[in-house]
Amino acid sequence: MRPSRPLLLALLALPASAALAVEPGTLAKLASDDSDAKIAAIRQLAASADPGAVRVLQALSEGALAVAGGKVVVVEGDRVLDAATLAEIRPPPPDRDTVIANNRMRRELGGVLAALRLLDPDRKVRLAAAQEVTRALSPVSAPLVERALTTEKDPEIRSILETAQAESTLKNPDPAARRSAVKALGASSSPRVRALLARLLDEHAEPDAGVRREAKAAVDAIDARLAWGELVGRIFSGLSLGSILLLAALGLAITYGVMGVINMAHGELLMVGAYSAVVMQALFRRYFPHAFDFYVVAAIPVAFGAAALVGVVMERTVIRFLYRRPLETLLATWGLSLVLIQAARAVFGPQNADVANPSFMSGSVTPIPNLVLPLNRIAIIGFSLGVLAVVWGLLNRTRLGLFVRAVTQNRAMASCVGVSTGKVDTAAFALGAGIAGLGGLALSQIANVGPDMGQGYIVDSFMVVVLGGVGQLAGAVGAALGLGVVSKFLEGWTGAVIAKIAVLVFVIVFIQKRPQGLFAMRGRSIEA
Amino acid sequence: MDSALRRPALPRLAAPWPRASWLGLAAYGLIAFGLLPTLHLLTPVGSLLHVSDFTITLGGKIMCYAIVAVALDLVWGYGGILSLGHSLFFALGGYGFGMYLMRSIGREGVYQSDLPDFMVFLDWKKLPWYWHGTSHAAWALFLALAVPALLAAIFGLFAFRSRVKGVYFSIITQALTYAAMLLFFRNETGFGGNNGFTDFKRVFGLPITAPSTRVLLFMATAAALLASVLGTRYLVRSKFGRVLTAIRDAEARVMALGYDPLRYKLAAWTLSAVLCAAAGALYVPQVGIINPSEMSPANSIEIAIWVAVGGRGTLIGPVVGAALVTLAKSFLTTAYPEFWLFFLGLLFILVTLFLPEGVIGLGRRLWRKGTA
């Protein structure tokens, strides 16, 4: 069934319109009534890998293959082509019998067509085909995969195909062939291959002890290689979560530090920031489609400004009047969050909005085979470090920052020496809200944007503030990144839910030991 | 008032009440135990005087909520501890009694198995250990009250011992509830996952949807509410209540006077959790379903708004608040569903800004103005 290699290469070079390079009887068999004969013909056509054959098979799967006047023809809209030459028949023959493909043939066709796409000039098509074909390698597609490997240059596609090929060899009845396949697979670093090999460790799956030994060695080798990638991957996803937490918690830490109130609508400020990204995206798509990628950059000031504006309105109309009643502020700001959520629902609709990554943030880098670092997450880590630097400078190098720190430490004293605490409150609230808006912008690049996206973040951000201690930038950073990494590691061992509970228990126990956070401020107040 | 403190409990209980209280009590008893049950059972459906199933269930629901509101008022209004996790205790009580209700479905479930349907669905072969004995109503009721009490006691011990308070405490209770909700959403937890418990058939051997059962549950709830209000009233007027209120106002001074705030806070906190659990256990057979969304943080915070609307630090306030907000919700979510969240949000804002003492406080102020 396998044509020789030189012939194949010659076939691939043929122009699309040339005659089919298969035995003339093949096409007739395709139109016969016998399913077995039909399937044999399909395989034969597939093995030829001729672009014309692809067209014929495609037509068959779409029900566009027919028999007319003793010839097999391809029907394309109004035109009728001779299947053997792909030349148009004029005038179109009046009567046509469509060739019916039954389910068995369709299955066969699906695999074959996917395998044939492996020879497509477009890399994306080949990659998709490789992933589809290797999910289930059939006897038909196996030779096609082998052939594709002779010409394939792309390392990603190559590795997928090679793995698939070794996988299919694992089913070979000859133990020696299996053993060499296992050996070849041992060089892989893919978690999928590891799972495959691990299955061979079982006596029922693999009768030959030699192959089992080889598989054990291969699994160990892969594990050793995977362990590093996994560790780095965990730390990376922890840092990525931590940087989002940091952006969410920085603003909360500032407002809580200055005014002693927890803003339950803080998560909704994230939502405002995320919807700013949605709006900017829509504006850019409409008016500056050629500069679409820059919508993210343009959204930075917009997200900050919009969230800060909402924050100032909240502070001026509600929170200011609840000064010294922190528990009631909790309720009032919860009310604000409900109103904001419902308002977002009314304006943008209840479903999640689509946010596209700009091209420079989509894709990923793969330093180790099992370590995929998405660019958007890397960008977010960098972004939050940048925001952190700006906030640090603002708090420690400007007059406003000095006032904010003064009010945080001792409101009455600051007021006595002439700090206008009311103005500082508003400014701090605007700053905190704006940072939350930036956090929302960052979130929009990696998570769903919806009216109630902010709800889950208030507790997590508060945990960061509790752990980090009030008014301590260093504490917030340590707590955010630490919590992010710890919860990602716990998630790996115990699952997300148990990890959440464990983090909560940890925070409660932590407060027992250090009620004032990681980095306690020295003070003399008893009611800290 | 000082003399009241020194008198022993029984004479104090029997001390004369103001006439308004007697009148209110009589009216409550007449309506809850006489009028509504009679009209529901004895008048024909469709008649002008008939009280529908819906009304009786809604009334039962409101009274359950009122018990929870009274429980929260005990710790928030009198102890200054705002819990955003009371729905957890409520739901745990509901789940506890729900276990009994699930077991008493027997083989009448969809799969006709001794196991609850969701376990058959998960392909479990036997009951998890914590389900043992739940076919006995008494044990299930004990669990429904004891588990939340134990959880509250342990959590409270840790939190109060390190003097976690104010917004710290509130947010941590919210986190606790949130974590518990995630836990109960999992199928492996053994409480029906997403769907929770439903499709109950009977309670104490009675068919659960029969009008007479409905009325019995309604009256039991009414009695529980009465007991909660009177019990809490007794408690907050006792020395215990005085110390609790003092801790709310100035914890450091109370400590300087030689009291240990931990004991008082912990006792009030645990009692409050038990009240919530009892309300939850009464709630589930009446509404016929319990699922993890009952313990969502949003539900917990709604309890706080019931108390705030009615008036903190009064005992009738939470009852009134729970009734008003629940009725408004029942009306608005059917009539104007898109406005309900706006309404609720504004209620949170406006009540905290303009009605710090709730409608009861407002009423009292107006009353005083009128008489003065």
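Return yes or no: is B:I172 within 13 Å of chain A (Cβ to nearest Cβ), closer than 30 Å to A:Y323 by Cα and in a helix (DSSP H, G or I)? Give the derivation first.
Working: within 13 Å of chain A (Cβ to nearest Cβ): yes; closer than 30 Å to A:Y323 by Cα: yes; in a helix (DSSP H, G or I): yes.
Judged against the criteria, B:I172 is a match.
Looking only at the range B:329-349, filter to residues that are within 12 Å of chain A (Cβ to nearest Cβ) and touching a residue at least 12 places away in the same chain (Cβ under 8 Å); which one of those is nearest to A:P326 (Cα to Cα)?
Checked the range B:329-349; the qualifying residue nearest to A:P326 (Cα to Cα) is B:F348.
Give B:T314, B:T352, B:T326 a once-over and let me know the one that is within 7 Å of chain A (Cβ to nearest Cβ), crowded, with 17+ Cβ neighbours inside 10 Å and in contact (Cβ under 8 Å) with a residue 40 or more places away in the chain. Break it down into steps so the answer makes sense when it comes.
Numbers: B:T314 fails: within 7 Å of chain A (Cβ to nearest Cβ); B:T326 fails: within 7 Å of chain A (Cβ to nearest Cβ).
Exactly one residue qualifies, and that residue is B:T352.
Taking interchain pairs and intrachain pairs at least six residues apart, which have beta carbon atoms under 9 angstrom, with the first residue in the range A:253-274 and in contact (Cβ under 8 Å) with a residue 40 or more places away in the chain and the second hydroxyl-bearing (S, T, Y) and outside any helix (DSSP H, G or I)?
So the pair list comes out as A:M259/A:Y323; A:G260/A:Y323; A:V261/A:Y323.
Which ones in the range B:80-98 are surrounded by 24 or more Cβ atoms within 10 Å (Cβ to Cβ) and either of a type in the set (A, V, I, L, M, F, W, C) or in contact with a Lys or Arg (Cβ under 6 Å, 6 or more places away or on another chain) (or both)? Give the derivation first.
Filtering the range B:80-98 for residues surrounded by 24 or more Cβ atoms within 10 Å (Cβ to Cβ) gives B:81-98.
Within the range B:80-98, B:I81, B:L82, B:L84, B:L88, B:F89, B:F90, B:A91, B:L92, B:F97 meet the criteria.
Scan A:A406, A:A436 and give me the residue that is of a type outside the set (F, W, Y), assigned by TED's automatic domain parsing to the domain that holds A:L239 and either modelled with pLDDT of 90 or more or not in a helix (DSSP H, G or I) (or both).
Numbers: A:A406 fails: either modelled with pLDDT of 90 or more or not in a helix (DSSP H, G or I) (or both).
Every option except A:A436 fails the conditions.
If you go through the range A:131-153 one residue at a time, do you hit one that is over 18 Å from A:K29 (Cα atoms), basic (K, R), modelled with pLDDT under 80 and crowded, with 18+ Cβ neighbours inside 10 Å? Steps first, answer last, please.
If we filter the range A:131-153 for residues that are over 18 Å from A:K29 (Cα atoms), which is where we start, we get A:131-139, A:141-153.
Going one step further and asking which of them are basic (K, R), we end up with A:135, A:147, A:153.
Okay, now just the ones that are also modelled with pLDDT under 80, so A:135, A:147, A:153.
Now narrow it down to the ones that are crowded, with 18+ Cβ neighbours inside 10 Å: A:147.
Scanning the range A:131-153, I find at least one residue that is over 18 Å from A:K29 (Cα atoms), basic (K, R), modelled with pLDDT under 80 and crowded, with 18+ Cβ neighbours inside 10 Å, so the answer is yes.
Criterion first (surrounded by 23 or more Cβ atoms within 10 Å (Cβ to Cβ), among the hydrophobic types (A, V, I, L, M, F, W, C) and touching a strand residue (DSSP E or B) at 6+ places or on another chain (Cβ under 9 Å)) does A:L431 satisfy it? Walk me through how you get there before you give the answer.
Working: surrounded by 23 or more Cβ atoms within 10 Å (Cβ to Cβ): yes; among the hydrophobic types (A, V, I, L, M, F, W, C): yes; touching a strand residue (DSSP E or B) at 6+ places or on another chain (Cβ under 9 Å): no.
For A:L431, the condition - surrounded by 23 or more Cβ atoms within 10 Å (Cβ to Cβ), among the hydrophobic types (A, V, I, L, M, F, W, C) and touching a strand residue (DSSP E or B) at 6+ places or on another chain (Cβ under 9 Å) - is not met.
Within the range A:374-391, can you find the residues that are farther than 12 Å from A:I435 by Cβ and in contact with a helix residue (DSSP H, G or I) (Cβ under 7 Å, 6 or more places away or on another chain)?
Hits for the range A:374-391 are A:L375, A:N376, A:R377, A:A379, A:I380, A:I381.
Out of the range B:100-159, which residues are at pLDDT 90 or above and more than 21 Å from B:L88 (Cα to Cα)?
The one that is at pLDDT 90 or above and more than 21 Å from B:L88 (Cα to Cα): B:A138.
For the range B:191-208, name all the residues that are surrounded by fewer than 14 Cβ atoms within 10 Å (Cβ to Cβ) and in a loop (DSSP other than H, G, I, E, B). Don't jump to the end; show me each part of the working.
Just the residues of the range B:191-208 that are surrounded by fewer than 14 Cβ atoms within 10 Å (Cβ to Cβ), to begin with: B:194, B:204-205, B:207.
The answer is B:F204, B:G205.
Identify the residue in the range B:276-293 that is β-branched (V, I, T) and surrounded by fewer than 24 Cβ atoms within 10 Å (Cβ to Cβ) and, among all such residues, is nearest to B:L226 (Cα to Cα).
Taking the range B:276-293 as the starting set, the residues that turn out to be β-branched (V, I, T) are B:284, B:287, B:289-290.
Restricting the remaining residues to those that are surrounded by fewer than 24 Cβ atoms within 10 Å (Cβ to Cβ) gives B:287, B:289.
Values: B:V287: 20, B:I289: 24 Å.
Among them, the one singled out is B:V287.
The values are calculated or read from the model by the stated rules, or taken from the named source; none is laboratory data. These numbers were taken from a predicted model, which means no experiment stands behind them. Glycine gets a Cβ as well: all are built from the backbone with ideal geometry, and neighbour counts include every protein chain shown.
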